[in-house]
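Undergrad: Dropping a structure here in structure tokens format, bear with me for questions.
The values are calculated or read from the model by the stated rules, or taken from the named source; none is laboratory data. From a predicted model like this one, the values you see are computed outputs, not experimental measurements. Using ideal geometry, Cβ is built from the backbone for each residue, glycine included, and neighbour counts are taken over all protein chains shown.
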Amino acid sequence: MGIWGTAILRDDFARDVNQDYLDSYDDGLEHSAIVKKLRHKYADALKDSEDAPIYWLALAKAQWECGALEQLVLNRVLRIIERGQGLGRWRERGAQALAKRKETLERFGQQIQSPNAKPRKRCKVRHYAPVYKAGDCLSIRLAHGNYGAAIVLAVDDSHRTEGMNLVGLLNYQSQELPTATIFQKRQWPRRRETPTIYWILARTYKPVAASFEIVGQTKIRVRDPQDANIIGQWHDLIRDAELCGQ
């Protein structure tokens, strides 16, 4: 876990805990249910002498922001501050960083002893569902009346907001719509010996939706690409399709 400052959430682990709390709050969970969920998720961290204090600080910040700071959590955080627990990350950064962190904790302890005058309200979460199904064969309308082609290889709808499609671009560009034969051949364009495969975010689809059309279905094969380390946008697919055949 890394740190990049002395504020309460300038720590990767603290940010994760805090964000998990706020995400669950926005999803409609009650505060008691959120605490139970987080204690289960971070059970191992709570046994660690350095991580546990960071967990309680991040939890306290989230609860205070939402106007739901428990007395038990407040008392624990005040003891952590008083005893100087969980300072190892900042101690490693030197005396100056350690001193600033201690100052931050003192101010934080004073702040959370008074209720938040403007508690955070639940935010409505928008979920962007994946656009296509696995096996969809797509034509891509390009400049100068040409078409490209791509296959939807997989769907990932596991994230709370960001649905994605795994899409494989085919090595095709023509003034004719791609036929079933084009999709059956599976001729992937290669760059640096790697097929052009992307996970594409659903939220980026609407501005370029008119450029795509389902023109068929194909069965996903065992040898088809199953994953990619690139996350892109739908206009990236159009851009790269323009390069095919050049």
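Undergrad: Out of all the residues in the stretch 109-130, is one or more under 30 Å from the mean Cα position of the chain (by Cα) and among the small types (Gly, Ala, Ser)?
TA: yes
Undergrad: Any residue at all in the stretch 169-182 that's surrounded by 14 or more Cβ atoms within 10 Å (Cβ to Cβ), hydrophobic (A, V, I, L, M, F, W, C), closer than 18 Å to GLN233 by Cβ and in contact with a strand residue (DSSP E or B) (Cβ under 8 Å, 6 or more places away or on another chain)?
TA: yes
Undergrad: Out of GLU92, GLU50, GLU30, report the one residue that is among the acidic types (Asp, Glu), touching a residue at least 24 places away in the same chain (Cβ under 8 Å) and either surrounded by fewer than 19 Cβ atoms within 10 Å (Cβ to Cβ) or out of contact with any Lys or Arg (no Cβ under 9 Å at 6 or more places or on another chain) (or both). Give the derivation first.
TA: Details: GLU92 fails: touching a residue at least 24 places away in the same chain (Cβ under 8 Å); GLU30 fails: touching a residue at least 24 places away in the same chain (Cβ under 8 Å).
Residue meeting the stated conditions: GLU50.
Undergrad: Quick one: count up the residues across the stretch 223-246 that are of a type in the set (A, V, I, L, M, F, W, C) and under 11 Å from LEU153 (Cα atoms).
TA: First pass over the stretch 223-246, keeping only residues of a type in the set (A, V, I, L, M, F, W, C): 228, 230-231, 234, 237-238, 241, 243-244.
Subset that is under 11 Å from LEU153 (Cα atoms): 228.
Going through the stretch 223-246 one residue at a time, the tally reaches 1.
Undergrad: Here's something else I'd like to know. Which one is nearest to the chain's Cα centre (by Cα), of the residues in the stretch 63-75 that are surrounded by fewer than 17 Cβ atoms within 10 Å (Cβ to Cβ) and either charged (D, E, K, R) or not in a helix (DSSP H, G or I) (or both)?
TA: Filtering the stretch 63-75 for residues that are surrounded by fewer than 17 Cβ atoms within 10 Å (Cβ to Cβ) and either charged (D, E, K, R) or not in a helix (DSSP H, G or I) (or both), the one nearest to the chain's Cα centre (by Cα) comes out as GLY67.
Undergrad: Residues that are in contact with a Leu (Cβ under 8 Å, 6 or more places away or on another chain) and not hydroxyl-bearing (Ser, Thr, Tyr): does the stretch 135-145 have at least one? Outline the logic, then answer.
TA: First, the residues of the stretch 135-145 that are in contact with a Leu (Cβ under 8 Å, 6 or more places away or on another chain): 139-140.
Keeping just the survivors that are not hydroxyl-bearing (Ser, Thr, Tyr) gives 140.
Within the stretch 135-145, one or more residues are in contact with a Leu (Cβ under 8 Å, 6 or more places away or on another chain) and not hydroxyl-bearing (Ser, Thr, Tyr).
Undergrad: Separate question: Residue check: is ALA60 touching a residue at least 60 places away in the same chain (Cβ under 8 Å) and part of a helix (DSSP H, G or I)? Steps first, please.
TA: Working: touching a residue at least 60 places away in the same chain (Cβ under 8 Å): no; part of a helix (DSSP H, G or I): yes.
It is false that ALA60 is touching a residue at least 60 places away in the same chain (Cβ under 8 Å) and part of a helix (DSSP H, G or I).
Undergrad: Before we move on, is THR161 closer than 28 Å to HIS127 by Cα, surrounded by 15 or more Cβ atoms within 10 Å (Cβ to Cβ), hydroxyl-bearing (Ser, Thr, Tyr) and not assigned by TED's automatic domain parsing to the domain that holds LEU29? Step through it out loud before you land on a result.
TA: Details: closer than 28 Å to HIS127 by Cα: yes; surrounded by 15 or more Cβ atoms within 10 Å (Cβ to Cβ): no; hydroxyl-bearing (Ser, Thr, Tyr): yes; not assigned by TED's automatic domain parsing to the domain that holds LEU29: yes.
Spelling it out, it is not the case that THR161 is closer than 28 Å to HIS127 by Cα, surrounded by 15 or more Cβ atoms within 10 Å (Cβ to Cβ), hydroxyl-bearing (Ser, Thr, Tyr) and not assigned by TED's automatic domain parsing to the domain that holds LEU29.
Undergrad: Follow-up question, since we're still on this one. For ILE8, are the conditions met, namely being in a loop (DSSP other than H, G, I, E, B), within 17 Å of THR104 (Cα to Cα), hydrophobic (A, V, I, L, M, F, W, C) and at pLDDT 95 or above? So that I can check it myself, show each step before the final result.
TA: Values: in a loop (DSSP other than H, G, I, E, B): yes; within 17 Å of THR104 (Cα to Cα): yes; hydrophobic (A, V, I, L, M, F, W, C): yes; at pLDDT 95 or above: yes.
Judged against the criteria, ILE8 is a match.
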